[in-house]
Every structure is written in C-alpha cells, then in structure tokens.
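Here the structure comes first, spelled out in structure tokens, and everything after it is commentary.
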Amino acid sequence: MESPLVLGATVAAAAWSGRFLIGAWQAFKARPVVPRVQRFYKGGFEQKMTRREAALILGVRESAVMEKIKEAHRRVMVANHPDAGGSHYLASKINEAKEVMSGKTKATPSAGSICLSSTLPERCFHSSPNYSLIPSPTISNKNKNLFFKTFPFLSSQKPNFTSSLHCSHPLSQIMDLDNKDRESRSLFDFLSQKAYTPPSWASLLNPIPSHIFSLGHLPTPIHKWNLPNLPTNTEVYLKRDDLSGMQLSGNKVRKLEFLMADAVAQGADCIITIGGIQSNHCRATAVAAKYLNLDCYVILRTSKVVVDKDPGLTGNLLVERLVGANVQLISKEEYAQIGSVNLTNDLKEKLVKEGRKPYVIPVGGSNSLGTWGYIEAVREIEQQVQATAGRIKFDDIVVACGSGGTIAGLSLGSWLGTLKAKVHAFAVCDDPDYFYNYVQDLIDGLKAVVDSHDIVNIQNAKGLGYAINTSEELKFVKEIAAATGVVLDPVYSGKAAYGMMKDMAENPKNWEGRKVLFIHTGGLLGLFDKVDQMSSLVENWGRMEVHESVPRKDGKKRIVGYAAKFELEPELFTGQNSLGSRRTCL
C-alpha cells in the first residue's frame, strides 16, 4: 500500500504537468499564422517562368488538363484583375502562366520580372488579399494618361491625379520606376504587340484573345455635343472614335487591333478583306497590313457600269492605292449572287496555290474576334466615366450599324460591365431583323448567354440604301458641321445622327432628361465621294473685292497702285517737291 506522501507527490506532479500542457496549448493557438504557401513559394517571380511556378500561380497541379487550366486562369484573373484592384504586371504574369501551362509559350525570361527583380528587393511585393498564393505588386495607377485625354477635351480645366502605391519598398523608387515604365510604353507602344487582359466582367467569355496590336491612338476623347433642338434636359456627348488616327481612323481600328494580331500569330503574309467601293474598313485594313509588312487584297463592290474601268482616286480609294493594296472590283449583282464569304474564299484559294499564306477578314471586321474591339471600348468608356467622379452617367449609347460587330461589342460590354446604358443602333444597310440575328451569332460565338433583343435596340436608318443619301440627309450633315464644328460622314454616323434627331423630334418623352453618348465611327474620307451632291449646299464663297487703295506689288516687288494718292500728294513718294530731283518709288 502506497504511503500518503507518494500519493500526494503524484497528484501534485499530475497537476503541474496539466497546467504546463494547457499553457503550451494556449500559446500554440495564439501563435502568428504563417501562410503555408510561404514554405515553398516565397514571393516575387523567377526571371524564367517554369511550369512549376506557372502551376503555383494558377493553383493547379503541373499535370492539370487544359479545361482545369482555363477555369483556374479565369478564377485567378477575376480575383487579381486591374479593374478589381490588382495590377497590370500581375495580370501579365497570370496570362504568362496560362500560356506556359497550355504549352503555347515555352518558359522564357520575363521582361517585367527582370526589370523589377533587378531593381527592387525580393520581398518588396506583398501577397494579394484576393489570392493568397500570388505575391501581388498592387500598384494602383488608374490610367492617368487616359483620364487626361477624356472629358477635359475642349474644356479649359485639366484634372490633377495622384498615385496610390502599396509596397514595402520606398515610395519614391517605385514611383520613379512606374513613371519610367509609362514613358517607355507611351513612346514605343504604337504598332507593338502585347498580351491582352480582358475586363474582369468579360473574363468568362470564350475565346479570349491572347494578344493585341496597338494600331489606334487611344483612348479617344469624349466631349459635350451642343446639338440644336434637343428634348428638354437632354444632354448629348460625343465619343470621338473618328480621332483614333488619320489613315486608320474610325471604329474599324479597334477591331483590327485583335484581327491583325491573330493574322500575325497564324503566320499570314497577306490579308484579304471585302467591302463597298468607298469602304472605310478596306482602307483601314490596307493601311494596317502595310504597317505590319503584310500585303493586302481588297475586293470592292461597285456598279456594273464601271466595274471594268479604273476606279479612280477618290476618298478611301486614294489611300488604298497609295499604300499598294491590290484592288479587285466586283459588280453589286455578282456580289449579291455569290456572297462575300465565297468571294473571299475564292481569292484565298488562288493565293494559296501561289504559295501565299492569306488571312481573311470579313466585311467590316465583324466576327466574334473583332467584337472584342468594342468590348474593350466599353472598358475605356467606363474608365472615362469614372474619371468624372460620378458627375456623368450615360443612360443611352447611340451608334451606326453597318456590319454588326461594333454594336455587338458595345451592347454586350454595356450589359456585362458597369455602364448598363441602353444601346441604340441605327442600321445603314439591311434590316433590323437581319442585324438582330447576326449580332446573336456573334454573341453566341463568345459563349455569352443573352438574347440580342434584350441588349440592343436596332432601328432602320438606311434611307434610299447603303451609301446612298437623300438631299435632307446631306443637308443635315452640313447643318451639324456648321452648328457644332463636327463633320459627320454621310454613310454611317451621318445617317445615325439623322435617325437619332428624327426619333427625338417624334418621341421627345423617350429622351427627356437623359444623357446620351453618341459614338462617331469616323469615315470622313467618304465625304469626298459626295462632292457633286453637296456642292449646292456649300455655296458660301465669292471673289474677294480689294479696294484700289490697298498696297500692291508688281513683278519687281515694288509697291504699285498709289496713282491717285500720288497725284494729290507727290511729296509723300519722292521725299521732295519735284519729281525730277529724285526717283520715285512707283
């Protein structure tokens, strides 16, 4: 039998041990939480991205199938997208990880990681709160150049901007790097190819373009358009896509940025496209192709009366022929019988037999890939609206519709994004039903589950027909130019603006108190094809009458025409009272 002393010692030891264990457990629970990922992924990016690193970035296994890679890419991109507070640098790394995992891009040195890691400490960037696996350089620099060039257009005030940076490295060094990086991009961005990151709200569309060529001078400005006879409290603003460039002006540039990138990616050595005799799209395509050292073949639809004659050098034709485009004419009747797709495919087969590698761009650049041009434009408009600090919110967007790609991108982007503006399209060719179906096909091609009738209102504005104008339409173009200084083209924006103003006059209640954004899609060169019709509208000229007392010069640069004054006051011209004593200046 154990003694009371031994029993008491045992109980005391047990109590002391229990107290110690409880304290140790409480200390363990209160310890700082260290992310487990830090054990194997310490932050920063390697100069050469490996498959291992790409898998860690996307949060998948190295052996993951393509479907899981795409799903993970979309999830991570949404969480770390620049529009959601992430950074453009991080977005580019996420895209690079997807390409490495999919085998499209081999592990290569990253320019961004080389620049940053060689200048900043390894642990400079903290982990993103949205996605703990990835150290995120969350530099918030909301497109200061874009803000500067938007609503301040035609205004007397310029906004001030500040940069918000979140980094453990000294602020001055980060700002210096950021400014230098922006300067280099602004100097050499034009005609460069770069990886494309879609807006966060469009990241579930499929397929998403991987690259884009910088062809336009973007962003284009927005300013108030002081149109006469507007409904009560209605304000109209103008998005100047006609200022996206001279040779490449208009809405076609935005589509071509994606289409030309795809052509280059496929190894094309020439471009084929098709349109009307004064097609803005064909002219822009010819210029873009030459910029990228590609040949261009344009099939132009014209009257059967002149199809066998030299098409001339008017308007868009002049630019096309100057840049060396191969122009092939087809009559309107043949075009209607054969169709644009068969015509371009026929030319493609001929070129393939000659050993060429042609890339076909459809009418107006309007396919699902080209639609991304105006999905991206919606992001641009969103950023311009955000720059007004809530002072402007558009209720409606109005635009011309000629091939369907522009309105598909605008309506889908406005529906998916934050604009939520009602899109009104004025069809300048074909009927609304045709465009509802065509836009639906483009939307379906991007896997967007929405009915075209629900996101865009299409009205008929073709009048006498495509590129055919009534005297009233041309008079309207002239009056708007005289009243506001904005020159509209007669084929697209002219007819759309005419249709908009007509609808406002007939249904003013539908527009009262609304803020409307009109998209000017360019096409100024098309006016030169209408000079004969417009000559009677612009007769504000006459020979200048110059009074005989105004000084003149003869062929020897001597002042003449003072005969009358000389007879009255000859001393003013001789310096003396006698003509014979000094040579005059007559």
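The values are calculated or read from the model by the stated rules, or taken from the named source; none is laboratory data. Predicted, not measured: the structure shown is a model, and the values here were computed from it. Note that each Cβ is placed from the backbone with ideal geometry, even for glycine, and that neighbours are counted across all protein chains shown. Surface areas here come from the heavy atoms of the whole protein model, side chains and all, with no ligands, DNA or RNA. Shrake-Rupley method; radii C 1.70, N 1.55, O 1.52, S 1.80 Å.
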Inset, instruction - Tally the residues that are in contact with a Pro (Cβ under 8 Å, 6 or more places away or on another chain) and farther than 20 Å from E349 by Cβ, restricting the search to segment 263-298. - result: 1
Legend entry - Condition broken by K290, with the remaining ones in (1) over 30 Å from E67 (Cα atoms); (2) open to solvent by 10 Å² or more (accessible area, probe 1.4 Å); (3) touching a residue at least 60 places away in the same chain (Cβ under 8 Å) satisfied: (3)
Inset, instruction - Take the residues in segment 255-279 that are assigned to a helix (DSSP H, G or I) and open to solvent by 10 Å² or more (accessible area, probe 1.4 Å), then tell me which one is nearest to I212 (Cα to Cα). - result: E257
Legend entry - Residue identified as touching a helix residue (DSSP H, G or I) at 6+ places or on another chain (Cβ under 8 Å), of a type outside the set (F, W, Y) and farther than 24 Å from S368 by Cβ among G445, G513, G463, G499: G463
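Output the number of residues of segment 217-238 satisfying the condition of being in a strand (DSSP E or B) and either open to solvent by less than 10 Å² (accessible area, probe 1.4 Å) or within 15 Å of H520 (Cα to Cα) (or both).
Number satisfying all stated conditions: 6.
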Inset, instruction - Test each condition in (1) assigned to a loop (DSSP other than H, G, I, E, B); (2) over 28 Å from the mean Cα position of the chain (by Cα); (3) at pLDDT 90 or above for V491 and report the one that comes out false. - result: (2)
Inset, instruction - Scan segment 407-435 residue by residue and report those that are open to solvent by 10 Å² or more (accessible area, probe 1.4 Å) and polar (S, T, N, Q). - result: T418
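On the given criteria, is D554 open to solvent by less than 60 Å² (accessible area, probe 1.4 Å) and closer than 26 Å to N226 by Cα?
no
Do we have any residue at all in segment 446-457 that's more than 19 Å from G405 (Cα to Cα), buried (at least 18 other Cβ atoms within 10 Å of the Cβ) and not aliphatic (A, V, I, L, M)? First the steps, then the outcome.
Filtering segment 446-457 for residues more than 19 Å from G405 (Cα to Cα) gives none.
No, the conditions are met nowhere in segment 446-457.
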